[in-house]
Amino acid sequence: MSGHMGFVGVSTAQSSIMAIFPVWAEILDLPTRTLRGHDLPLDATPEQYRALVEAIRDDPEHRGALVTTHKMGLYEASHDLFGELDRFSTLCGEVSSISKRDGALHGHAKDPLTVGLAAEEFLPADHFATTGAHAVCLGAGGAGTALTWYLAERADAPSRIIVTDTSQARLDHLRAVHDRRGTPAGLIDYVLASSPDVTRDILAAAPAGSFVVNASGLGKDRPGSPVPDGARFPREAIVWEFNYRGSLEFLAQASEQAEASALTVVDGWRYFIHGWSQVIAEVFDLTLDDATVTRLADAALAAR
């Protein structure tokens, strides 16, 4: 056994993957059982990103890394250090997977794939076509980019996707991503959440059965929720909390309304499973079938 895999985040020691990775490594017969956390602050500088990517590149014992939270910042600061970037990475302006091939760094944006794998476990294939529901994505960062990309690719793409964010710059970046993708004009509304009432009004106007997702990052690395206190989710909404750990205020808000409003509430555990398993497969050049992913998920639950 030699080497290690990296995990780029904000508070990596708190993640369940630190206990799960050695178990998965045993199941997959990986060449290492060691996962090393690389913690960077939310306001990391370009110099910090470049130093980390260069260290991964230049260390022969470093096999590659999963990137969370810092996907867009790392891409912006260091994309020129990669020998190859996949289409999602260049169009979305993010890197979530760093791997090595013949000494060169390869960057991938796996989130559009892993969002889809997780969503399709609970979101019916014809949901938007049969219900007329809208999608409400709270957050226009890397997670929101992945989610809206996936929704626009669905055979039953919703007739309306509303994205909110407190940053106009993130909304503008997301709009540019969809312009490059060729997303039909008018499919996505980009809304600046300049006050809590903006989000409250969007949820109030969304039709029954709408898909409401916390892609803001709030409730994980920072406490809080993008939904103001007292706001009501649409009846029969499918509510997805991308996070599986942290203070999880958004998940608590949805859970409190679940019975009265007939909500389907889903946390981020399966998204976590798919996100990590797909990046590990990329780093170690593996192919994972459904049976293997199920085995990994069962082992992760036991080790969590």
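Could you list all residues from segment 259-300 that are without any contact (Cβ under 8 Å) to a residue 12 or more places away in the chain and among the hydrophobic types (A, V, I, L, M, F, W, C)?
Matches in segment 259-300: Ala260, Ala281, Leu288, Ala291.
Please give the number of the condition Val213 fails out of (1) part of a helix (DSSP H, G or I); (2) under 20 Å from Ala146 (Cβ atoms); (3) at pLDDT 95 or above; (4) in contact with a Leu (Cβ under 7 Å, 6 or more places away or on another chain).
Against the list (1) part of a helix (DSSP H, G or I); (2) under 20 Å from Ala146 (Cβ atoms); (3) at pLDDT 95 or above; (4) in contact with a Leu (Cβ under 7 Å, 6 or more places away or on another chain), Val213 comes up short only on (1).
Which residues, counting only those in segment 249-299, are in the same structural domain as Ala65 (by TED's automatic domain parsing), of a type in the set (D, E, K, R), loosely packed, with under 15 Cβ neighbours inside 10 Å and part of a helix (DSSP H, G or I)?
Those that are in the same structural domain as Ala65 (by TED's automatic domain parsing), of a type in the set (D, E, K, R), loosely packed, with under 15 Cβ neighbours inside 10 Å and part of a helix (DSSP H, G or I): Asp290, Asp298.
Specify the residue that is surrounded by the most Cβ atoms within 10 Å (Cβ to Cβ); the eligible residues are those in segment 227-248 that are under 16 Å from the mean Cα position of the chain (by Cα) and assigned to a loop (DSSP other than H, G, I, E, B).
Once the filter is applied, the top-ranked residue is Phe242.
Could you tell me how many of the residues in segment 1-43 are more than 21 Å from the chain's Cα centre (by Cα) and among the hydrophobic types (A, V, I, L, M, F, W, C)?
Qualifying residue count, segment 1-43: 6.
Only one of Ala65, Ala109, Ala118 is in contact (Cβ under 8 Å) with a residue 60 or more places away in the chain, at negative phi and surrounded by 24 or more Cβ atoms within 10 Å (Cβ to Cβ). Can you tell me which?
Just a single option satisfies the conditions, and that option is Ala65.
Considering only residues that are crowded, with 19+ Cβ neighbours inside 10 Å and free of Cβ contacts under 8 Å to residues at least 40 places away in the same chain, which ones fall in segment 1-18?
Answer for segment 1-18, where residues must be crowded, with 19+ Cβ neighbours inside 10 Å and free of Cβ contacts under 8 Å to residues at least 40 places away in the same chain: just Thr12.
The values are calculated or read from the model by the stated rules, or taken from the named source; none is laboratory data. Please read all numbers here as calculations on a predicted model, not as lab measurements. Methodologically, a virtual Cβ is constructed for each residue, glycine included, from the backbone with ideal geometry; neighbour enumeration extends over all protein chains shown.
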